[in-house]
Structure formats: C-alpha cells, structure tokens
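Q: For reference, the structure I am asking about is given below.
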Amino acid sequence: MAGCKLYYFNAKGRAELTRYAYAFKDVSYEDIRFDDNNLKLEDFKPRTPFGSAPALEVNGVVYAQSMAIARYVAREVGLMGANSLETLKIDMILDALSSDIFPFLRDVFMGETDEIKAAAKTKAVEAIHKIFAKLEALVSGDYFLGSEVSLADLAVFNFVNDFLPALGTNVDDLSKITNIVSSLKANENIKKHLENRPKTDM
Amino acid sequence: MPTYKLYYFNGKGFGELSRYLFALGQQEYEDNRFGDDLNWEDLKVSAPFGRAPFLEIDGERFGQSVSIARYLANAFNLAGKTDLEKLKADGIDGERFGQSVSIARYLANAFNLAGKTDLEKLKADGIIDCIHKDIISKFLAFHFEKDEERKAGIKKEMLENTNEMYKKLEKQVSGENSFLSSGLSWADVAFYNFHSDLYADRFEAIDLTSTPKLKNILDHVSSNEHIKSWIEKRPVTEG
C-alpha cells in the first residue's frame, strides 16, 4: 500500500470514504488536494481515465471512480468482509447509498434554482428515511457484518456525520445505525482523523 | 456451489448483466420473472430495499438454521403484510441481496470474470461505474423525460456525452479484445449489455470506426458461445 496517492479537491465529498478507510486501519497514503502544492485539476485531468476526481495513483497508474477506489482500498486494508457473501452484503449497502440517495444530492447542493434545490431536498429526505429504515434492519450485531467494522459502516458514518446535517434531518430514531455512528466517532483512529483533517464546507 | 435464484421483471433492463454472467459461468440458476404466476407487489416487501433485481443464495453457512420467516419479519417489518407461510412453501430459503451491480460483481468474482489482480478489479470497477453513472444515467434521464421539447434537448446532450465517453473508454482497453490485459471480464460484458441491449437499436447507428478497440470487445463478447446460446434461448422482450 505504501506510496498510494489520492487526488481530490480540498473537500470531503467523494473522497472522504476512502480517507476514512485508510484512517480506520491507520494505513498511510498521500492525501493530495487540488490547488495545494500548485497542482490544478485542469492540469491533472488528462492523466485520469475519465477526466474526473477523485483519482488514485498506484505504481504510477491512475485509477478513477470514487466507489471503485474506496472498494480497492478497503480490500487492501481488510474492510471488505471475510468472504464473498460478506462482500456482497457490503456492496449492496454501498450501492443503496450511492444509487438511491446520492443522485438527489447534486441538485440539493448545486441546483440551478431555489425551486430545484428545494424539490431535490424533499425527495432526498424521503429517500433517506426509506433507505435508512432498511439499513437499520441489515445491522446484525454491533455493525452490519456483526462484530467487525467494514466499509459499509464507514459509508453510513460518512453520510450521517458529514452530509446529513446539511439536509436538515436526522436518523436518531434508528438505534442500531445511531450505535454504529457513535461507536465509530469514538474510535481512536477516526477521532484522530476528524481532528486533523482540513475543515471544509463540503 | 450455492443454489441461485434471480428475481426480476420480464425484461433485460438491470437484470441482464447478471444473466450474461450466469451464462458465461455456465452456472445453473432460476431465472424468475415477475408476471401472472409471480407477483412483484407481494415480493416487493421482502426484497432488499424494495427493488429488483434481487438474488437469493442458498449457502450452507446461512443454511437451514436461518428461518426465512424470522429473518424477513425482523429485517423488513412485515407485520403480517405478506403471507410468510406461502413464501416458505414456495421453497425460498436463504439470504436475499439487492442492487444489480453488486449482484453482478459477486457473480463476476464467483466465475473469475472480475480481473486477475486487485488492480485489475479496481480498473474493472471503474469502468462499470463509468458506464452506469456517466452513460446509463444520462440515457435514463432522456428515456423517462415526458416533455417533448426538453427530451429533444436532452437527446442531443446524451448522444454527445455517449460519444465522448466512448472515446475515453477506448483508451481504457488494454487487451486485444478486452478492457483488462488478462482477458474477458465483466467490464466487457457490461459494455456489451449497454451498447447492444440498451442503446444501439434506439438511435442512429453508432459509428464505431473511431473506437475500433470497443468494436473488438463487442465482437468478442457477442461471438462467445455461451453468450450466443443464452441470447438464442432468452425470452424476447422489448427492454
């Protein structure tokens, strides 16, 4: 794992899940943010497969897509389950978040008009409550897989801790989800990451 | 090997990628399609996230000790809305998983179609995500748009976007006729699924002369004997 470089804006956004995976397992990497170190996204884009960020450079080769990157790092550091069925369970939780909730977020934060933003926010909040009720039912034990933390738990933590407040809602009525979030928040490695990371709006 | 039961509508849609993978893996499975004999509304409440496709896996480790009735009742707050006894009698047993891409990823790994190394898996995952997020999502936005004027505008944007993305995908082809240098993977099958099942027939013929490697991939997948045989025997559906 030594020498992996993660490239993204100076923001949590789509890169934070990967940062949490590294942090939780205390594995080091280079956390490169555009416009720091005089590196501009426009200059970097041609080196990426699809012209997007985040990107992960491994042994000189640049890879794209935030969820693919998060999964790869999680596999490398041991957060993707002990067997393929556990991995499938983690994957479906990640997909439920990214395909059933995230698509609304773009318009919530970057909608062209206030009407569009408001409409997206209503839809997002509805989707969040619907999906999180089902996620609550998938927690088996302390975490989604039982006693071991996985990328699924970190993804839920990421969403609840970093994005939910801006949407003006909460999932406090879901006791198992709330447990996961507070456990991770109290975890030594995550606490250190939260304290040390740059403070950014998004 | 576990017993697999796939549940989806009678169409290709988001279920077809998994069906292609079962064909390539030469793996028996139940290809359940909602219809008169299999009611989606009844099953919806017990489907993970209330969506289809979902995959049922009867693995020994989950085995007989997991009572489906208890699992469903706890997991999805059924509160008597579904006839659990009827489900049990149908022989549905085991865990249920949702989300078409994660199902396909699981199958790809099971049949050694996910790439040979972790970095190949990462590359394949990136290509899959690009196809879904950057291409299919825009296609769906066009497909579901009801306003004719907006639809015409979206169509133009979508066709341009698809052409742009195809150029980028062309650069990702490392093998002779596959995205990964180690050979055929689910990234190739997913691209074939999008191009041939979702896209090609609905619009003016796509010019692949500037993306010869992508054309190679399409030819390679479509000439695969297991894919050909599945295509011959699958139900003919519009979508």
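Q: Using a Förster distance of 35 angstrom, determine the FRET efficiency expected from the C-beta separation of A:Ala133 and A:Leu194, and round it to 0.05.
A: Step by step, r from the Cβ atoms, then E = 0.85.
Q: While we're here: When only DSSP loop residues count, what trypsin sites (Lys or Arg not before Pro) in the stretch B:103-205 have their Cβ near at most 16 other Cβ atoms within 10 Å?
A: Here the trypsin sites (Lys or Arg not before Pro) that fit, given the DSSP loop and packing criteria, are B:Lys116, B:Lys146.
Q: For the stretch A:102-201, restrict the atom set to alpha-carbon positions and state the Rg and Dmax in Å.
A: Cα only, the stretch A:102-201: 14.8, 45 Å (Rg, Dmax).
Q: Would you mind getting me the FRET efficiency between A:Glu115 and B:Thr3? Use the beta-carbon distance for r and R0 = 45 Å, nearest 0.05.
A: Efficiency for this residue pair is about 0.35.
Q: While we're looking at this one, here's another question. Give the accessible area for B:Ser100 in Å² (nearest 10); use a 1.4 Å probe, count only protein heavy atoms, and leave out ligands, DNA and RNA.
A: B:Ser100 exposes around 20 Å² with every protein chain in place.
Q: Right, another one. Take the Cα pairs of the protein assembly as shown, get the Kirkwood Rh, then feed it into Stokes-Einstein at 20 °C and 1.002 mPa s and tell me D in µm²/s.
A: So the translational diffusion coefficient is about 93 µm²/s.
Q: What per residue convex hull volume, in Å³, do the alpha-carbon atoms of chain A yield?
A: Dividing the Cα hull volume of chain A by its residue count gives 127 Å³.
Q: Continuing with the same structure: In terms of the Cα gyration tensor, with a ≥ b ≥ c the square roots of its eigenvalues, is the stretch B:192-232 rounded because a/c is under 1.5, prolate because a/b exceeds b/c, or oblate?
A: Since a/c reaches 1.5 but b/c is at least a/b, the shape of the stretch B:192-232 is classed as oblate.
Q: Once you've got the Cα coordinates, tell me which of A:Lys123/A:Lys199; A:Lys89/A:Lys130; B:Lys138/B:Lys167; A:Lys117/A:Lys191 are over 21 Å apart.
A: Beyond 21 Å: A:Lys123/A:Lys199; A:Lys117/A:Lys191.
Q: For B:Asn163 and B:Ile231, calculate 0.36 nm times their separation in residues minus their Cα-Cα distance, and state this gained length in nm to one decimal.
A: Stretched fully, the B:Asn163-B:Ile231 segment lengthens by 21.8 nm.
Q: Is there a simple number for the mean count of other chain Cβ atoms within 10 Å of the Cβ of residues in B:126-132, and what is it?
A: Per residue, the number of nearby Cβ atoms from other chains is 6 on average.
Q: From the C-alpha gyration tensor of the stretch A:42-109, pull out the three semi-axes of the equivalent ellipsoid (sqrt of 5λ each), sorted largest to smallest, in whole Å.
A: Equivalent ellipsoid of the stretch A:42-109: 24, 20, 7 Å, largest first.
Q: For the stretch A:116-200, state which chymotrypsin sites (Phe, Trp or Tyr not before Pro) are in a DSSP loop and have at most 11 other beta carbons lying within 10 Å of their beta carbon.
A: Counting only loop positions with at most 11 other Cβ atoms within 10 Å, none of the chymotrypsin sites (Phe, Trp or Tyr not before Pro) in the stretch A:116-200 qualifies.
Q: Tell me what the protein assembly as shown gives for mean residue ellipticity at 222 nm when only DSSP H runs of n ≥ 4 count, each as -39,500 (n - 2.57), the sum divided by the residue total, rounded to 500 deg cm²/dmol.
A: After summing the helix terms and dividing by residue count, I get -14500 deg cm²/dmol.
The values are calculated or read from the model by the stated rules, or taken from the named source; none is laboratory data. Everything numeric in this text was worked out from a predicted model, so none of it was measured. Reconstructed Cβ throughout: ideal geometry from the backbone, glycine too, with neighbour counts over all protein chains shown. Please note that ligands, DNA and RNA were not included when accessible areas were found on the heavy atoms of the full protein model with its side chains. Shrake-Rupley method; radii C 1.70, N 1.55, O 1.52, S 1.80 Å.
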